[in-house]
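Asks: Can you keep this structure in mind? I'll have questions shortly.
The values are calculated or read from the model by the stated rules, or taken from the named source; none is laboratory data. Fair warning: this is a prediction, and the values are worked out from it, not measured in the lab. Ideal geometry is used to build each Cβ from the backbone, glycine not excepted, and the neighbour counts take in all protein chains shown.
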Amino acid sequence: MKQSSKITAALLLTLALTPSFTLAKPQQDTTPKQDIKDAGSSTKNAVKKTGSATKKETKKVVNKSADKTKQGAQKVKDKTQPN
């Protein structure tokens, strides 16, 4: 019994000292207008990320293609040179 009373006391002390996040939250504007604004912002951010990723991948593909073209050209040059 002594052990359980210590645990209960520790639990109550922890709960008393823990800040309540539900009380500290600011009220959010949940009007339809704000919902539309939030959706627009989310869409804008998603498009930015997609555009950046597309640009990065396109750059990689173009550079890889250029390297392979150089390799192919060098191969043709090597094969067509007289020995």
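Asks: Test residue 66 against the stated conditions and say whether it is modelled with pLDDT of 95 or more, surrounded by 10 or more Cβ atoms within 10 Å (Cβ to Cβ) and under 29 Å from the mean Cα position of the chain (by Cα).
Replies: no
Asks: A further question follows. Among the residues of region 19-28, are any among the charged types (D, E, K, R) and modelled with pLDDT under 90?
Replies: yes
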